[in-house]
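Notes for the one structure printed next.
The values are calculated or read from the model by the stated rules, or taken from the named source; none is laboratory data. What you see is a predicted model, and the numbers here were worked out from it, not measured in a lab. Cβ atoms come from the backbone with ideal geometry, glycine included; neighbour counts cover every protein chain shown.
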Amino acid sequence: MITITLPDNSKRIYNDGITPMDVAKDISEGFARNVISAKFNDVTVETSTTLHQNGNLTLYTWKDKEGKKAFWHSSAHVLAQALEELYPGVKLWVGPAIENGFYYDVDLGEGVISEKDFKSIENKMIEIARGKHDFNMRNVSKADAMSFYRGKNEYKVDLIDKLEDGTISFCDHSTFTDLCRGGHIPNTGIIKAVKILSVAGAYYKGDENNKQLTRVYGISFPKQKELTEYLHLLEEAKKRDHRKLGKELELFTFSQKVGQGLPLWLPKGAALRERLENFLKAAQKKAGYEMVVTPHIGSKELYVTSGHYAKYGEDSFQPITTPAEGEEFLLKPMNCPHHCEIYNSKPFSYKELPKRFAEFGTVYRYEQSGELHGLTRVRGFTQDDAHIFCTPDQLDTEFKEVIDLVLYVFGSLGFEDFTAQVSLRDPKKPEKYIGDEVNWQKAEDAILNAAKDKGLNYVVETGEAAFYGPKLDFMVKDALGRQWQLGTIQVDYTLPERFDLTYKGSDNEMHRPVMIHRAPFGSMERFIAILLEHTAGNFPLWLMPDQAMVISVSEKYEKYAQKVLNLLENAEIRALADNRNETVGKKIREAELAKIPYMVIVGEQEEKNQTINVRKHGGEDLGVLSISNFENLINKEVKESLKTFK
């Protein structure tokens, strides 16, 4: 007999050889009908895998992240089979599940897949799925695996060559076999709806010196209704695409002459950034931060000391050499080493801590050209970075106060649906991290305790820590239900060691401070991109580039329109005037497209009574108001949307 422990810590005793699906049926036949994946002792297994020892079992449905992963991984197998049947001679490489759906990289030889072929691929996949073929795993020897693919698929042969004998398995369904580690739904029949989303080029092994393969992206669902809803969201996402809105609202642009991944901020975008910076600077000042400025480059040795060069050197811009022999600089990939040296510029006593250094510092990372995407993935970006140097006794209070700051930022910008993610190291891969075990444990405990004490809705993700310390990431859902990682807070005992940071304690001995890294926005570029898509360009009123448009009904009322404009500007309301010789209807339509929150219309009656006629973005008519009442309305809305910090 074996003992199975379920996620609620309840224990059930079964005969040796029970399967996860048997356990699901024992819990409830209705529940079992929805189970599509399982993990046993933290290892992904098939629902048909026989269990022969005591252990922890987790059963997943479509609603679970792991369930979707198995569903989409299985769908990638079905896609591969469909491609083999439709394109004889196609060579498969890899086909993983991704955040939304799956893809398969294939070598089509002389063949080509275009959008006109999507429907035939979808139809073939549904035809295969309706066969309700079981997914069956089997272990194979390295020799047999090589024999199966040799002479037919050099990509799989290369994969197998790097695997150890005894760790290789195949997955069979229908007439199709693929090299696979496992993690499938019970059978293809669960797949009810499929959509091929796009095709793209993808270099073999991600190396641009290798052959370019074809990457086919798809998504699948257990119900047609869910696919329909997803496609609707995709259409909404296209309308909200920050690249499209950024161009329409004249916020930013890119230039091939300047370089890929290097955004150029236009006047309205620069003003938007400045307002965001000033908003955070004001909160930081209240919280005791001091602003610092560091250069855009640093000596290579600085990043060797910090460990960034060893971890990220290959992904950074290459060193800048100078006429001096052996002298090398790097474009700054991180601000933290510079801030460590600022701390090191003078001695500190425990009475002077914590020190909180903040900077809107621009950093540079050489992202692959194929991974660049608008403002969300760039090569040069500005972090709202700060580093707090404190005593171990101050760590808990400081960490919680940073959480308060992040929540203030989210509240003022309309991000209300979020989950905190405690990102810990992977104990099975110690080579990924620097620092000693004791300090890592202290740092992880500090974050977990702070998350609990602040009452955050949080999850724990093992293996997602930074290389120098664990972190608390804030995963925000936008208006379309998409999840983004925005603010981050990290506890670091390692860099203070590497930079030999010290302070004099009450015992007159030298001690090591703890370092907190934090960035509520993350990066200005990515944050603005996500905010653009979340709000569809309708920012909170306090942040809008232009808050009102004064529209004269004809040229006769230009002087009054200018008077209204001056009064609004004197009240620090950002306004423009449209006195063109165009119809009022056209002016309103263009103001709507420009996302102007309020349209202030003036004509004969308004001039006579020294009033204005106000129309809100979206069509709501607020009627005739005095100018002072309109100013009060604007100021009240700004005050309500801009939360008070402390």
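Pairs linking a residue in region 393-404 that is in the same structural domain as Ala450 (by TED's automatic domain parsing) to a residue that is in a helix (DSSP H, G or I) and of a type in the set (Asp, Glu), with Cβ atoms under 7 Å and 6 or more positions apart or on different chains, are Lys400/Asp453. Region 482-577 holds helices (runs of 4 or more DSSP H) entirely within its bounds, and those carrying 1 or more residues that are free of Cβ contacts under 8 Å to residues at least 40 places away in the same chain and either over 20 Å from Asn344 (Cβ atoms) or in contact with a strand residue (DSSP E or B) (Cβ under 9 Å, 6 or more places away or on another chain) (or both) map to 558-570. Within region 9-26, the set of residues being of a type in the set (Val, Ile, Thr) and assigned to a helix (DSSP H, G or I) comprises just one member, Val23. Of the residues that sit in region 583-596 and are free of Cβ contacts under 8 Å to residues at least 60 places away in the same chain and loosely packed, with under 13 Cβ neighbours inside 10 Å, which one is nearest to Gly246 (Cα to Cα)? In this case the residue turns out to be Arg589.
Just to be sure before I move on: is Lys351 loosely packed, with under 15 Cβ neighbours inside 10 Å and modelled with pLDDT of 90 or more in the structure I sent? Answer is yes for this residue. Only residues that are surrounded by fewer than 17 Cβ atoms within 10 Å (Cβ to Cβ), hydrophobic (A, V, I, L, M, F, W, C) and under 13 Å from Gln53 (Cβ atoms) were counted in region 1-12, giving 2. Can you find, within region 82-134, the residue that is surrounded by the most Cβ atoms within 10 Å (Cβ to Cβ) among those that are among the β-branched types (Val, Ile, Thr) and within 24 Å of Asn153 (Cβ to Cβ)? Among them, the one singled out is Val106.
For region 326-363, a residue qualifies if it is out of contact with any Asp or Glu (no Cβ under 9 Å at 6 or more places or on another chain), assigned to a strand (DSSP E or B) and over 19 Å from Pro496 (Cα atoms), and the qualifying residues are Phe329, Leu330, Leu331, Thr362. Can you tell me which residue within region 66-81, out of those that are farther than 25 Å from Gly206 by Cβ and free of Cβ contacts under 8 Å to residues at least 60 places away in the same chain, is surrounded by the fewest Cβ atoms within 10 Å (Cβ to Cβ)? Taking the candidates together, the pick is Glu66. Of the strands (runs of 3 or more DSSP E) lying entirely inside region 372-475, those containing at least 2 residues that are closer than 30 Å to Leu264 by Cα and modelled with pLDDT of 90 or more are 380-390.
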